[in-house]
1. Where does chain B land on Rg/Rh, using Cα atoms and the Kirkwood Rh?
2. Answer with one residue from B:LEU272, B:ALA127, B:HIS50: the one whose Cα lies farthest towards the positive end of the charge dipole of chain B, charges on Cβ with Lys, Arg +1 and Asp, Glu -1.
3. Round to the nearest 10 and give me the degree value, 0 to 90, for the angle of helix B:79-94's Cα axis relative to the longest principal axis of chain B.
4. Restricting to DSSP loop positions (anything but H, G, I, E, B) with no more than 13 other Cβ atoms inside 10 Å of their own Cβ, which trypsin sites (Lys or Arg not before Pro) remain in the range B:238-294?
5. Just to confirm the filter: which trypsin sites (Lys or Arg not before Pro) across the range B:112-192 are DSSP coil and have at most 16 other Cβ within 10 angstrom of their Cβ?
6. If eta is 0.692 mPa s and T is 37 °C, what Stokes-Einstein diffusion coefficient results for chain A, Kirkwood Rh from Cα pairs, in µm²/s?
7. Dimensions of the protein assembly as shown along principal axes (Cα, Å, largest first)?
8. Once both axes come from the Cα atoms, what is the angle between helix B:53-70 and the longest principal axis of chain B, in degrees from 0 to 90, rounded to 10?
Amino acid sequence: MADKLTFSQEISNLMYEGHGSPLKNCIQCGTCSGTCPAVEFMDQTPRRLIGMINADLKDDVLNANTSWVCASCYHCTVRCPAKIDIAGAMYATKRYSMWNKTYSDDLVGPVFSETFMKTIVRSGRSYEPILAPTYIFGFGAKEFYQEVLGATKMMLKGRIPVLPPRIKRIKNFRNMIRHIIPMGDEE
Amino acid sequence: MKKYAYFPGCSLEKMAVSYHKSSLETTQALGVELEELEDWNCCGATTYFHLDEILANTLVARNLAMAEKEGLDFVAPCSACYKNAYFTNSYMQEDEDLAEHINFALEADDLQLSGDIKVHHLIDIFADDIGPETIKDKVTTPLEGLKIAPYYGCQIVRPRKNGEEVENPQFFEEILEAMGADAVDFAYKTRCCGGSLLLTNRKAALDMIHILLQNITNSGAEVVATACPLCQVNLEVYQTQVNEEFGTDYAIPVLYFTQLMGLALGIAPKKLGIGSELVETLPLLSQFIEKEVS
């Protein structure tokens, strides 16, 4: 019988983008944390998160907001002396928490990703107004007002789409997606 | 006339329509044709990859396959679209197993992808294919004395594609100088603008934008040039909110590099989408706009 995968193995298996650069090579130098422009908003720094993954501290990793604060700018990835794709590891952690629904409820990121995905599957293109409700209701009154004001100014300049766009070969597009993920019968 | 398959991406349909217009105008003036892919889909930005890598790569592959069918190299003006397209295209040649999965899915739309076309960011076309010398020759209204901050942002230069310089790239400066402008040096030219964090973690994003605006202003720049729709929106549209949040008074124009280039090439501002900004640009740019002869 095959052994059960450890948490760090599971995360590594979700890292196609970062293949060829095992997390186990991390030397804990902290170049990633020193580089990250969003580090002060993270519960755990990138260096600590990788150390925690390698130590199989599953709950601590999944309770941290770290991967959802990553903006995917890859600054850590290009500087890592151990050549680890750290932004890729952040994606892997996000995927793990999406698939296992282990993310905490106060995060906007996962709901935003899911809504974005559904919009694309439905129409083939993204459409900002559909995405707004995923984050705007989490705002305080001041932020809500600022966001609406910003959107209104954009609209007055003709920069907000009125109708959702849709690609022409949408049936083929959706059947293509069915070849990869389960999504009901062919159209 | 060299021709490319042009993938505008979702943002350029509306939010960044001025980037779309100015890209078409300037490439045409410089002897390059951008032929829009006829039924392109969203590339997934940085968001699909949170869910499923194979599906994310497949959605990107559909666009690449349409370009390959036309026998044209692929060009994207948005940094995230470019990064996605570049890597999916190279995985097709590096990984037979992934390529087989993707091609099986693409059959549903009568497409296939081998990955042997080239993928470019729009700015590469100006920096490499056209080149600063040619741009210089075609400039009719040099942007003399205009201090421009070349904001690279993140995904044009990162992750590293082919051993290129990622810490201190110079190609953007060279393009701005070919227009006759002064490219100012600022430390954070490749620091991230926050991307979609603005929607998912507003506090972090406003802080990142604030730091960038501060660094840009200290460098003495009068205008920021960007090469990505998300960078433009974050740096421009959210200046008001940064000002409210941090008690600052930033009001620096943020334009696409193609809009500035269009002015240098003598193209009418309206054709370049100038006028749809939220931070006034005309007081600064009027010196470079030819007066209409009445």
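Just so it is clear, none of the values below were taken in a lab; they were calculated from the coordinates. Everything numeric in this text was worked out from a predicted model, so none of it was measured. With ideal geometry, Cβ positions are generated from the backbone for all residues, glycine too; neighbour counts draw on all protein chains shown.
1. Value, to two decimals: 0.97.
2. The Cα lying farthest towards the positive end belongs to B:LEU272.
3. Once rounded, one gets 30 degrees.
4. Sparse-neighbourhood loop trypsin sites (Lys or Arg not before Pro): B:LYS291.
5. The qualifying sites are B:LYS118, B:ARG160, B:LYS161.
6. The Stokes-Einstein estimate is 173 µm²/s.
7. Between the extreme Cα coordinates on each principal axis of the protein assembly as shown lie 85, 52, 42 Å.
8. 80
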